[in-house]
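Input: a single structure, listed below in structure tokens.
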Amino acid sequence: MSHVPAAKKRRLSPPEDGLGSPPPKSHKSAFLSNAAEWDLEQDYEQRPRKLKKQKDNGRLLVKTAEGWIKNKAEPVEEKEEDGSDSFLGSGSDDADEVDGDMEVVEEQPKVSQRQQIIEAKEELARIASLVNEDPEEHIGSLKTLAQLAASDNPTVKKLALAAQVAIFKDLIPGYRIRPLAEEGLTDKVSKEVRKLRTFEQKLVSSYQAYVQDLGRLAKASGIAKTEATASIATVAISCACNLLTAVPHFNFRGDLLKILVGKLSTKRIDGDFTKCRETLETLFENDEDGNVSLDAVTMLTKMMKGKNYHFDESVLNTFLHLRLLSEFGSKASYNSVDKPTDDASQAKQLKQKREFRTKKLRKLLKERKAIEKEMKEADATVGHEERDRMQAETLKMVFVAYFRILKARSQKLMGAVLEGLARYAHLINQNFFGDILEALRDIISTAEVSAAAEAEDEDDAEDEEDDVPDRNLTRESLLCVITAFALLQGQDAASAASTLKLDLSFFITHLYRTLHPVALNADIELSAKSLHLPDPHTPDAQALSTASNKINVQTTVVLLIRSLSSVLLPQTALRAVPPVRIAAFCKQLMTISLQLPEKSCVAMLGLLTKVTKAHGGKIGALWYTEERRGDGVFDALKPEIEGSNPFAGTIWEGELLRKHFSPTVRDAVVGVEKNVVGAR
């Protein structure tokens with residue numbers, strides 16, 4: 001029986017327009033007579049089972065007015081049926097895998113570098129505005145910043161690092177946040193206090209993660225293989241310097257100092273090195289309580305020892321920016337600090353004025369002291385006693401570094417150490433004074449032996465110049481003399497004369513023997529750092545040219561005049577200069593002035609002008625042959641001052657200097673002779 005006529009016989013509604021004609025009675029009767037013969041089960045079995053592929057979604061039955069029916073599943077798209085029935089033979093499983101792969105590609109669209117940077121800037125600006133508006137409410141945004149800082153795009157990474165610095169500088173309070181103990185977490189506090197504690201702990205944890213990230217990125221500066229990695233390391237070091245300068249009181253200060261000290265320990269001097277050194281100098285100058293300076297000096301001292309004193313001398317010169325040079329009043333050495341003498345008398349007075357207090361009153365006073373201490377910590381007030389204690393410990397660490405370098409005989413650092421000891425002379429106690437003088441004597445003795453060896457074998461010395469280019473024995477010996485007299489001037493003259501009984505004749509004799517070799521030095525008007533100009537095309541030329549280092553840059557003639565001023569023009573009345581010494585030096589100085597360049601000659605005659613003005617009556621006989629006091633012959637090459645017999649000679653060099661080509665030199669000679677004539 002055909003299914004198509006049966007489908008056409010069924011009508012849902014009669015025709016509305018009445019144009020159709022009703023079926024004939026014969027057809028209706030035939031339909032009813034044949035209905036009993038139909039095989040309905042066979043008809044149902046031969047029907048197509050599914051016109052559309054459906055998924056078994058496992059939905060429950062739904063109860064309707066007609067009974068319980070199964071909930072219909074969503075039909076599958078026709079594309080899947082077409083793919084399964086296509087002649088290519090690809091099944092439904094393969095189609096699902098292809099669709100899955102296409103979905104993965106769509107989830108990771110390719111965005112240009114420029115677009116990533118623009119979106120990152122917008123996101124950083126949005127987060128910064130939210131945190132600035134309500135820090136306690138949006139403190140969780142710091143994690144989003146950390147995720148942006150972990151981006152693979154170098155530019156986005158640098159922007160995120162710089163943005164975090166600005167945000168942390170605004171959020172960090174003016175006090176140090178203490179970690180909460182387990183007992184403190186369970187305490188019952190108000191809602192505001194709990195909210196503040198939550199904010200502080202989240203701030204500390206985010207800041208710690210950020211500082212650790214900076215340390216990890218900064219370590220790549222020494223081993224950077226790509227330009228992007230090196231630029232990121234530079235940004236990380238710059239961020240650490242900014243944080244240390246802005247918030248030195250906050251947590252994890254030691255981690256930031258490790259970043260700076262690690263960079264200063266490298267041999268390469270570039271912009272990052274200069275930035276770290278200048279940051280430490282600013283930190284030392286602005287430190288009021290001394291805590292930051294003590295931590296930094298301790299780390300620097302350990303780094304110097306670990307590197308076996310192979311580092312740039314500018315790192316050592318940062319000690320000259322410490323505030324204790326002008327604020328600290330006691331004297332110290334590398335292992336002890338002298339206590340003020342008034343402490344014992346003050347302690348006795350306190351014992352005498354002690355009053356009787358009851359137990360209840362003592363308890364009350366103790367509680368008040370504890371409250372005052374907490375208030376001082378909250379107000380960040382600096383106590384003089386605490387500051388003195390910190391500065392005393394810092395001074396001991398500085399002397400430890402200086403004395404170790406003296407013992408190690410580090411050639412490149414000797415000038416910086418001697419200059420530093422001369423600056424710290426007024427803070428060195430008498431016990432340490434003897435050790436330093438002994439070390440200075442050893443240095444001078446070594447310089448004399450080396451100079452004698454070079455004179456005997458000049459060819460070998462020329463070959464060794466390439467191996468030790470920075471060694472200058474003359475400069476080292478002159479610095480030793482300057483340091484020795486500066487240390488003596490920094491001591492109390494009365495106590496030094498009565499207790500120490502020091503004799504500096506060794507340094508004076510060495511200076512006298514050095515005058516002739518120094519005058520014959522062709523580089524007497526050049527310093528240790530001005531022999532060669534830096535190449536402007538090198539990458540480190542800008543960093544070297546902009547350095548504000550003024551230590552150990554004085555020329556040899558300046559060092560010579562400083563040494564002679566300490567010997568011939570003492571600042572204390574107890575150190576009277578013998579006439580024989582003054583006469584011997586004046587005779588030698590007039591002789592070497594004939595060999596010096598114009599500027600050096602003018603400077604030397606200026607020193608002689610001061611000497612003749614102070615001691616003109618003692619040495620006036622040198623300018624007049626008829627007033628000769630000594631007998632015998634003057635020996636200019638005699639190594640001993642007294643054995644040279646200076647009063648047996650005459651200063652005839654002035655007549656030659658009167659005919660000098662420079663009018664400045666001629667006027668200077670006239671000034672010296674006027675002082676001699678006026679002293680008669």
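The values are calculated or read from the model by the stated rules, or taken from the named source; none is laboratory data. Note that the structure is a prediction, hence the values are computed from the model and not measured. Ideal geometry is used to build each Cβ from the backbone, glycine not excepted, and the neighbour counts take in all protein chains shown.
Things to note:
- Considering Arg581, Arg628, the condition of being surrounded by fewer than 16 Cβ atoms within 10 Å (Cβ to Cβ) and either in the same structural domain as Ser566 (by TED's automatic domain parsing) or modelled with pLDDT under 90 (or both) is satisfied by Arg628 alone.
- Look at segment 289-300: where a residue is in contact (Cβ under 8 Å) with a residue 24 or more places away in the chain and a partner is not in a helix (DSSP H, G or I), sitting 6+ places away or on another chain with Cβ atoms under 7 Å, you get Asp289/Val382; Val292/Pro248; Ser293/Asp287; Ser293/Leu322.
- Of the helices (runs of 4 or more DSSP H) contained entirely in segment 86-187, those carrying at least 1 residues that are at pLDDT below 55 fall at 92-107, 182-185.
- Selected residue (criterion: farthest from Leu605 (Cα to Cα)) from residues of segment 657-677 that are within 55 Å of the chain's Cα centre (by Cα), crowded, with 17+ Cβ neighbours inside 10 Å and aliphatic (A, V, I, L, M): Leu657
- Pairs with Cβ under 7 Å, 6+ apart, first in segment 630-657 and more than 27 Å from Lys599 (Cβ to Cβ), second among the aromatic types (Phe, Trp, Tyr) and not in a loop (DSSP other than H, G, I, E, B): Gly630/Phe647; Ile641/Tyr512
- Residues of segment 318-332 classified as buried (at least 19 other Cβ atoms within 10 Å of the Cβ) and touching a residue at least 60 places away in the same chain (Cβ under 8 Å), total: 6
- Considering (1) at pLDDT below 80; (2) surrounded by 17 or more Cβ atoms within 10 Å (Cβ to Cβ), the lone condition that Glu374 does not fulfil carries the number (2).
- Checklist (1) touching a Pro at 6+ places or on another chain (Cβ under 9 Å); (2) more than 27 Å from Val235 (Cα to Cα); (3) part of a helix (DSSP H, G or I) applied to Gly329, failing item: (3)
- Taking residues in segment 394-411 that are surrounded by fewer than 19 Cβ atoms within 10 Å (Cβ to Cβ), and partners anywhere that are in a helix (DSSP H, G or I) and of a type in the set (A, V, I, L, M, F, W, C), the pairs with Cβ atoms closer than 8 Å and at least 6 places apart or on different chains are Arg404/Met304; Lys407/Ala439; Arg409/Ile443.
- Check on Gly654, modelled with pLDDT under 85, of a type outside the set (D, E, K, R) and either surrounded by 12 or more Cβ atoms within 10 Å (Cβ to Cβ) or outside the structural domain of Leu589 (by TED's automatic domain parsing) (or both): no
- Candidates Thr229, Thr318, Thr266, Thr234 - the one that is within 26 Å of Phe403 (Cβ to Cβ), of a type in the set (Ser, Thr, Tyr) and not in a loop (DSSP other than H, G, I, E, B): Thr318
- Hits in segment 585-613 - residues which are out of contact with any Asp or Glu (no Cβ under 8 Å at 6 or more places or on another chain) and closer than 17 Å to Ser644 by Cα: Phe585, Cys586, Lys587, Gln588, Leu589, Ile592
- Qualifying residue in segment 584-600 (condition: touching a Gly at 6+ places or on another chain (Cβ under 7 Å), closer than 29 Å to Ala486 by Cα, among the charged types (D, E, K, R) and at pLDDT 85 or above): yes
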